[in-house]
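Some notes on the structure that comes next.
None of the figures in this text is laboratory data; all of them are computed from the coordinates on show. Computed from a predicted structure; not experimentally measured. We place every Cβ from the backbone using ideal geometry, glycine too, and count neighbours over all the protein chains shown.
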Amino acid sequence: MNTQPYVNTSLKKYSGYDLLLGGLFMALALVFPLIFHAVNLGSAFLPMFYPIIAAGFLVALPAAVVVGIMSPLVSAVLTGMPPFYPPMVFIMMAEGLVLTAIPALLYQRLKVNPWITTAITMAADRMLVLALVLLFSRLLELPEGVLTAAALIKGIPGTVLILVVIPPLVRQMDAKIRLSRIM
């Protein structure tokens with residue numbers, strides 16, 4: 001049995017299926033935070049990131065990047081979360097780019113194992129958060145040490161959960177996508 005991912009490996013083309021799946025992931029990226037914030041677990045479990053990173057694994061790069069960048073912005077406009085000040089929405093838009101582009105390149109293009117891809121993606125994301133929170137803290141004259149530590153520490157449960165949940169979920173979804181395209 002072929003275990004290679006059956007996804008659109010072209011970095012230039014995407015299909016209607018990619019747009020449909022991307023729309024589903026964007027909708028989930030808007031709904032998950034509402035559910036998690038209702039029980040006061042939003043920022044700890046990074047609920048918007050599960051569908052965003054899944055889009056990076058399963059949707060063609062251009063459509064996935066749109067999901068990653070636009071989900072935080074649309075959520076901010078519709079719900080006020082993430083906030084525009086402090087500029088969390090812009091930090092999360094940059095994170096969305098990383099969370100979609102790295103899996104699209106590593107998993108779809110280079111066929112890297114989903115566990116390794118997820119670990120690399122989350123490490124890159126956490127480094128990006130650290131750098132951007134530090135930068136914005138300095139620019140806005142906010143207490144940088146407290147904000148950078150809080151941003152990293154508060155997201156640990158979500159990071160661990162993403163590392164545990166996303167790789168097997170991607171394998172299952174990828175197999176179903178492959179099967180549905182054969183039929």
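Run the simple label-point estimate for Trp115 and Ile153 please: 7 Å along Cα→C-beta, distance reported in nm.
Placing both labels 7 Å along Cα→Cβ, they lie 3.0 nm apart.
Between Asn40 and Leu135, what length in nm is gained on full extension when 0.36 nm per residue of separation is reduced by their alpha carbon distance?
Details: separation 95, 0.36 × 95 = 34.20 nm, distance 2.74 nm.
Once the chain is fully extended between Asn40 and Leu135, it gains 31.5 nm.
I need the shape label for region 84-124. Rule: rounded when a/c is under 1.5, else prolate if a/b > b/c, else oblate, with a, b, c from the alpha carbon gyration tensor.
prolate
Most exposed first by the Cβ proxy, i.e. fewest other Cβ within 10 Å, how do Met70, Met88 rank? Each step should come with its number before you reach the end.
On the way: Met70 16, Met88 20.
Going from least to most buried by this count: Met70, Met88.
Please compute the contact order of the chain in relative form: average sequence separation of alpha-carbon pairs under 8 Å and at least six residues apart, divided by the residue count, as a percent. Please list the in-between numbers first.
Details: 251 pairs, mean separation 45.8, N = 183.
Computed over the chain, the figure is 25 percent.
Springs between alpha-carbon pairs under 10 angstrom, Gaussian network model over the chain: which of Thr148, Thr159, Thr118 fluctuates most?
Thr148
Among Pro72, Pro87, Pro103, determine the one that fluctuates most according to a GNM of the chain built with springs between C-alpha atoms less than 10 Å apart.
Result for the chain, Cα springs under 10 Å: Pro87 fluctuates most.
Work out the P(r) tail for the chain: percent of alpha carbon pairs separated by more than 24 Å, whole number.
Working: 5773 of 16653 pairs.
Counting pairs separated by more than 24 Å, the tail of P(r) holds 35 percent.
Local charge sum around Ile156 (other residues, Cβ-Cβ under 13 Å, Lys/Arg +1, Asp/Glu -1)?
Values: positive: Arg126, Lys154; negative: Asp125.
With Lys, Arg at +1 and Asp, Glu at -1, the net is +1.
Dipole magnitude of the chain about its Cα centre, charges +1 at Lys/Arg Cβ and -1 at Asp/Glu Cβ only, in debye to the nearest 20?
Details: 11 positive and 6 negative charges, 127 e Å.
Charge dipole, the chain, about its Cα centre: 600 debye, nearest 20.
Could you list Met48, Met122, Met93 in order of exposure, starting from the residue whose Cβ has the fewest other Cβ atoms within 10 Å? All intermediate terms of the calculation are to be shown ahead of the outcome.
Numbers: Met48 27, Met122 23, Met93 18.
With the fewest neighbours first, Met48, Met122, Met93 line up as Met93, Met122, Met48.
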